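Heads up: the structure comes next, in structure tokens.
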Amino acid sequence: MSSNANPSHHSADAHGHGHHGGHEAAHGTFKSYMTGFILSVILTAIPFWLVMGKVLDPGTTVAIVMILGAIQIIVHMIYFLHLNTRSEGGWNMMALIFTIVLVIIALSGSLWVMHHLNSNMMPMSPEMMRNMP
């Protein structure tokens, strides 16, 4: 083996960026990262304001927080993970669909568990609370 052999299995351009046969997703620009960051901050600030300010009734607040959380996951996938329908021969689209299915299962399961815990908990009167050890 000669000392001039490149141990890397991929080629690099003049800037040191490696290429893998044109199948890699496009890297984001500063503008796209800032767009994603600003959207993430907004999608975090709105639920925080809704909960801390007690702006709406609890049921509506929970629904809005869940919806904004799901939107934030999609924003992260698009702006930070660069998932789209064209890159990686469509496999990124499959990953997006799989993620959406998992989010739906997690959100609906969480709501189901919280609802049943709330409705199945034994209510305690103030007298019962005073007599507890």
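The values are calculated or read from the model by the stated rules, or taken from the named source; none is laboratory data. Predicted model, so just to flag it, every value in this text is computed and none were measured. All Cβ positions, glycine included, derive from the backbone under ideal geometry; neighbour counts span all protein chains shown.
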Q: Scan segment 25-45 for residues that are surrounded by 14 or more Cβ atoms within 10 Å (Cβ to Cβ) and not β-branched (Val, Ile, Thr) and jot them down.
A: 28, 32, 36, 39, 40, 43
Q) Picking from 28, 36, which residue would you name as being more than 18 Å from residue 111 (Cα to Cα), out of contact with any Lys or Arg (no Cβ under 7 Å at 6 or more places or on another chain), of a type in the set (Gly, Ala, Ser) and not in a helix (DSSP H, G or I)? A) 28
Q.
Pairs needed: first member in segment 31-51, without any contact (Cβ under 8 Å) to a residue 24 or more places away in the chain; second member anywhere, surrounded by 13 or more Cβ atoms within 10 Å (Cβ to Cβ) and not aliphatic (A, V, I, L, M); C-beta distance under 7 Å; at least 6 residues apart or different chains.
A. 50/61; 51/61
Q | Only listed residue being at pLDDT 85 or above and touching a Pro at 6+ places or on another chain (Cβ under 7 Å), chosen from 55, 65 | A | 65
**Q.** Top-ranked residue of segment 48-78 - restricted to ones that are within 11 Å of the chain's Cα centre (by Cα) and not β-branched (Val, Ile, Thr), ranked as nearest to residue 36 (Cα to Cα)
**A.** 76
Q. Inside segment 46-133, counting only helices (runs of 4 or more DSSP H) that do not spill past its ends, which hold 2 or more residues that are among the charged types (D, E, K, R) and loosely packed, with under 12 Cβ neighbours inside 10 Å?
A. 126-130
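Condition check ((1) in contact (Cβ under 8 Å) with a residue 40 or more places away in the chain; (2) of a type in the set (Gly, Ala, Ser)) across all residues:
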site: 54; (1), (2): no, no
site: 57; (1), (2): no, no
site: 62; (1), (2): yes, no
site: 95; (1), (2): no, yes
site: 125; (1), (2): no, yes
